[in-house]
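> If you scroll down you'll find the structure; I have some questions about it.
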Amino acid sequence: MTDPAQLPRHLRRIGRVFVDESMLDSPLARRVRDRLAGTTHADIPWIAVPEGQDRVECAGRDEQALYLKEYKGRFLRFCPGTRAYHCCGYRIIHIGENCPMACSYCILQAYFQDRVLKVWANQDALFRELAEGFGADRTSRFRVGTGEFTDSLALERLTGYSRDLVGFLADYDNVVLELKSKVVDLSWMDAATRTDRVLPAWSLNAPAINQGQEFDVSTLEERLTAARTCAEAGFRVCLHFDPIIHFPGWREGYAEIIDRIFDYVRPEQIAYMSLGSFRCMPQLTPIIADNFPDAAYIYNEFVPGLDGKARLLRPLRLEQFSFMVERLRRHGMDEQLYFCMESTEVWNEVFGFAPQDFGGLNRRLMDRAFGN
Amino acid sequence: MPTTPALRTLAADEIRTGGDHLFWTADPSETLSESLRRTGQTAPVLVRDTGDGPELVAGRARLLALRALGRPVLVLMVDAPADLDAGLLYLADNAARPLDDAMRLAALRFFAPLLDRAALAADILPRLGVRPGSKDARLLDAWLDLPEPWPGHLAEGRVPLAAGEVLARLAPADREAAAPLFASLGWSRSNGVNLLTWLFEAGKMTGKPLADLLAESGMADVPALGLSPKDAMARLVALARQTRYPALSALQAEFEETARELSAGTAWRVVQPNNFETGGAELTIQVKTPAQLARAVDDLDAMAAKPGWEKLWNMGGRRD
Ligand code: SF4
């Protein structure tokens, strides 16, 4: 039994809550206050942030802060793909920034150097913008997700944000929402009126990477169990291998996790599965070296890719992709598989075809997301 | 610290010259000796009274030159009871001296046990012409804890200051294994840093001690090959890169060999443009006259008929 007074492990370092003055009475702020009450974090300080102040600071070295903020930018965005590689064409609903967990390879370390977990508390503005974007033409289909600048479910216990989104999108059957996470929180499930319009998604990795490079996240077993729960409830799930890391023992590691998947879900219950090799902006490498001195994989053979990011040398990527795709195919995976940000060459060499052969990756994934 | 403006004349032998605060000692130049002989001493040396007799605080070269000339020494008695005071006076007295990296490091190593790191950065670095927080400040900080022979190598110009950070990250045994590569070769900034960085990173990736990497790659044997320093360093850098990037180096070597065969006898250059991220090759040539252009076209025609292009274009693809 989990103790209801205890926050999940990944939220326990939150030591204070900042709230923009204009958001003090927002439904989201009230909800966070209610959900903290009765927990070990009931008495953490709440600090109102006056308009015009643009920085808030955490106290201790390890402390994290939650910042309920009035966001003035655009909520609905395009995924920042590049032309050199095939992008999946996903749209991003921007709900906040930063993540309480710590994965050594995470790009967010380069984006956000503080430990402030920002949540956009002006949900009315977000829903207004989404209504305009999705409602203008109900025949246009959208595949959207929230996990670009944060983990979709990391703060769910406190904010209920994804549950709100699921509820809001129930009116838009032209939208499929993917909730991508490394933790397990299924409290959004009962807000879904259509199980075919929400895609719960978990990232998977080799057990050694999960244990050595991902901290404060759920175990692979917990993620797969959650995927099974969703699949049994009628949802199709997404599973993602990203980043795939080339480390000594990668073959055994990825074989093990691939085989384990199918103890929990059947291929037809998986809407899609991405494979993405570890790649990063060159500035991220020294940050990883500083934050995670044991992350030896950053010293593999990385070369500048066509988009300027550091990528594993192509033959090494091909070796891993081919191995994994072959094994996944043996388990019955086929059209669900795709590469995240890979070149036509790599597609052809591993799959024997490239996105242009089936009308583009965006269309393929849109079809799969909508179940047709 | 205030000085007591007391000028005196002392016999050179009366003054002790051994303190650690004399961190930039150098023997007197001939010009200095000659000037003291002709003109006499125009500036006093600084001396403190330790209770154990007078001790030199600054002006060692002048003192040694005057001693050699058998002349008495004009001294300014200063109030510098602590070594920190003596060091600061020494710095002030040498303010006009041109500094190099090894001198800056020697000064910092003297002050480091006497001040905390923050004070060292804020008070001492600017006196050495280094901005606190700058790249040089970071590098000097990394050098502070490096044991001999590294400061000695820096002083002799065999290792660049820029190698400080990577040297500091190497495990002591790995640093020891790398030291012979610097014993007699004077490494430039980029070669020295690349060599050490590649070895450090290869060690991290493979989990092997640097001594093993040096032995396996043949780098350990290079100093004994009797090569010129330039060739020895080029060989070492090439081997270090190969150790760090084995698959890429092998591909590049294969590509270069095939490209050489294809373009032999022509002025065409055939290169792989993007680290094998895509297949293909880039062909370039420089022409200045119509005749050269005609020749380039003929050469290209002949090259196109050679076998080997398919192999060249597909390098970097799947290794079945
Ligand atoms: S869970 Fe995702 S967003 Fe959070 S640290 Fe890990 S990779 Fe980054």
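The values are calculated or read from the model by the stated rules, or taken from the named source; none is laboratory data. Every value quoted in this text rests on a predicted model; they were computed, and no experiment measured them. Cβ: placed from backbone, ideal geometry, glycine included. Neighbour counts: every protein chain shown. Note: accessible area is taken over every heavy atom of the protein model, side chains too, but ligands, DNA and RNA are not part of it. Shrake-Rupley method; radii C 1.70, N 1.55, O 1.52, S 1.80 Å.
> At a Förster radius of 56 Å, what calculated FRET efficiency corresponds to the Cβ-Cβ distance of A:Lys72 and B:Lys306, to the nearest 0.05?
Once rounded, the FRET efficiency stands at 0.35.
> Using the Cα centre as the reference, give the magnitude of the dipole from point charges on the C-beta atoms of the range B:6-93 (Lys, Arg: +1; Asp, Glu: -1; all else neutral), rounded to the nearest 20 debye.
On the way: 9 positive and 13 negative charges, 93 e Å.
With Lys and Arg at +1 and Asp and Glu at -1, about 440 debye.
> Can you say what percent of the DSSP beta bridges in chain B, counting only those with both residues inside, are antiparallel? Round to 5. Walk me through the numbers before you get to the answer.
Values: 12 of 17 bridges.
Rounded to the nearest five, the antiparallel share is 70 percent.
> Starting from the amide H of A:Gly276, placed 1.01 Å from N in the peptide plane, find each other amide H under 5 Å away whose residue is 5 or more places distant or on another chain.
For A:Gly276, the qualifying residues are A:Phe241, A:Asp242, A:Ile244, A:Cys340.
> Quick check: pseudo-label points 7 Å beyond the Cα along Cα→Cβ at A:Glu51 and B:Ala168, how many nm apart are they?
Distance between label points: 4.6 nm.
> Using just the helices of the protein assembly as shown, give the 222 nm mean residue ellipticity in deg cm²/dmol: DSSP H runs with n ≥ 4 each add -39,500 (n - 2.57), and the total is spread over all residues, rounded to 500. Working shown, then result.
Numbers: 26 runs with 268 residues, N = 692.
About -11500 deg cm²/dmol.
> Report the net charge of residues surrounding A:Pro50, where surrounding means a beta-carbon distance below 11 angstrom and charges are Lys +1, Arg +1, Asp -1, Glu -1.
Net charge in that neighbourhood comes out at -4.
> Find how many whole Å separate the alpha carbon centroid of the range A:334-372 from the alpha carbon centroid of the range A:35-99.
Spelled out, the Cα-based centre of one part sits 32 Å from the other.
> Could you run the Debye sum over the Cα atoms of the range A:37-124, one equal point scatterer each and no solvent, and tell me log10 of I(q)/I(0) at q = 0.17, 0.18, 0.24 Å⁻¹, two decimals?
-0.94, -1.02, -1.40
> Scattering from the C-alpha atoms of chain A alone, worked out with Debye: what is log10 I(q)/I(0) at q = 0.10 1/Å?
-0.64
> Could you give the distance between the Cα centres of the range A:115-144 and the range B:225-277, to the whole Å?
If we compute the Cα centre of each part, the gap is 53 Å.
> Over the Cα atoms of the range B:6-93, what is the Rg over Rh ratio if Rh follows Kirkwood?
0.94
> Still on this structure, please answer the following. Between B:Thr39, B:Thr278, B:Thr289, where does the largest GNM mean-square fluctuation fall for chain B, given springs only between Cα atoms within less than 10 Å?
B:Thr289
> May I pose another question? Viscosity 0.890 mPa s, temperature 25 °C: Stokes-Einstein D of chain B from its Kirkwood Cα radius, in µm² per second? Please list the in-between numbers first.
Details: Rh = 24.6 Å.
Rounded to a whole number, D works out at 100 µm²/s.
> OK, next. Please compute the average number of Cβ atoms from other chains found within 10 Å of each residue's Cβ in peptide A:314-321. Display every interim value, and only then the final one.
Numbers: counts 13, 10, 3, 2, 5, 3, 0, 1.
Mean partner shielding for this stretch: 5.
> Let me check against my output: what whole-number percent is the relative contact order of the range B:22-173, with C-alpha pairs under 8 Å and at least 6 apart?
18 percent.
> In addition: Determine which aspartates and glutamates satisfy two conditions relative to B:Lys135: a Cα distance under 19 Å, and not lying fewer than 8 residues away in the same chain.
Answer for B:Lys135, where 19 Å is the Cα cut-off: A:Asp290, B:Asp100, B:Asp101, B:Asp123, B:Asp145, B:Glu165, listed by chain and number.
> While we're on this one: Could you list, by residue number, the cysteines of the protein assembly as shown that have no other cysteine's beta carbon within less than 4.7 Å of their beta carbon?
So far as the 4.7 Å Cβ criterion goes, A:Cys58, A:Cys79, A:Cys87, A:Cys88, A:Cys99, A:Cys230, A:Cys238, A:Cys280, A:Cys340 stand without a partner in the protein assembly as shown.
> In terms of modelled amide H atoms, which long-range or inter-chain residues lie less than 5 Å from the amide H of A:Arg16?
For A:Arg16, whose amide H was placed from the backbone, the distant partners under 5 Å are A:Leu66.
> Okay, moving on. Which value in Å is the Kirkwood Rh of the range B:258-314 over different Cα pairs?
On the way: mean 1/r = 0.0835 Å⁻¹.
So the Kirkwood estimate lands at 12.0 Å.
> Please list B:Asp52, A:Asp259 in order of solvent-accessible area, largest first, computed with a 1.4 Å probe with all protein chains present.
On the way: B:Asp52 120, A:Asp259 50 Å².
In descending accessible area the options line up as B:Asp52, A:Asp259.
> Given a Förster distance of 35 Å, report the FRET efficiency between A:Arg266 and A:Gln356 from their Cβ-Cβ distance, rounded to the nearest 0.05.
Result of the calculation: an efficiency of 0.70.
> Treat the range B:146-244 as a sphere of radius equal to its Kirkwood radius over Cα pairs and apply Stokes-Einstein at 10 °C in a medium of 1.306 mPa s; give the translational diffusion coefficient in µm²/s, rounded to a whole number.
For these conditions, the coefficient is 121 µm²/s.
> Right, another one. Just the number, please: buried accessible area between A and B, total of both chains, 1.4 angstrom probe, nearest 100 square angstrom.
Heavy-atom accessible area buried at this interface is about 2100 Å².
> Another one. For the protein assembly as shown, what does the alpha-carbon gyration tensor say about shape, rounded, prolate or oblate, given a ≥ b ≥ c as the root eigenvalues, a/c under 1.5 as rounded, and a/b over b/c as prolate?
Note, shape of the protein assembly as shown comes out oblate.
> Among residues other than A:Thr40 whose Cβ falls under 10 Å from its Cβ, what is the net charge (Lys/Arg +1, Asp/Glu -1)?
-1
> If you don't mind, there's one more thing I want to ask. Sort out for me the Cα centre separation of the range B:70-93 from the range B:149-212, rounded to whole Å.
Centre-to-centre (Cα) distance: 38 Å.
> Less than 16 Å apart at the alpha-carbon level, and either on another chain or at least 8 residues along: which lysines does that give for A:Lys72?
A:Lys118
> Might you tell me the accessible area per residue for the protein assembly as shown, computed with a 1.4 Å probe and given in Å²?
Solvent-accessible surface per residue comes out at 46 Å².
> Please report the antiparallel percentage of DSSP beta bridges with both residues in the range B:6-93, rounded to the nearest 5.
That works out to approximately 65 percent antiparallel.
> Pull up all non-local amide H partners of A:Cys87: gap of 5 or more, or a different chain, and H-to-H distance under 5 Å with H placed in the peptide plane.
Residues meeting the amide H criterion: none.
> So in the protein assembly as shown, what percent of DSSP beta bridges are antiparallel if you round to the nearest 5?
35 percent
> Students often get this wrong, so check it: of A:Lys182/B:Lys208; B:Lys204/B:Lys230; A:Lys309/B:Lys208; A:Lys309/B:Lys204; A:Lys180/A:Lys309, which have C-alpha atoms separated by over 25 Å?
Values: A:Lys182/B:Lys208 33 Å; B:Lys204/B:Lys230 28 Å; A:Lys309/B:Lys208 28 Å; A:Lys309/B:Lys204 21 Å; A:Lys180/A:Lys309 23 Å.
With Cα atoms farther than 25 Å apart: A:Lys182/B:Lys208; B:Lys204/B:Lys230; A:Lys309/B:Lys208.
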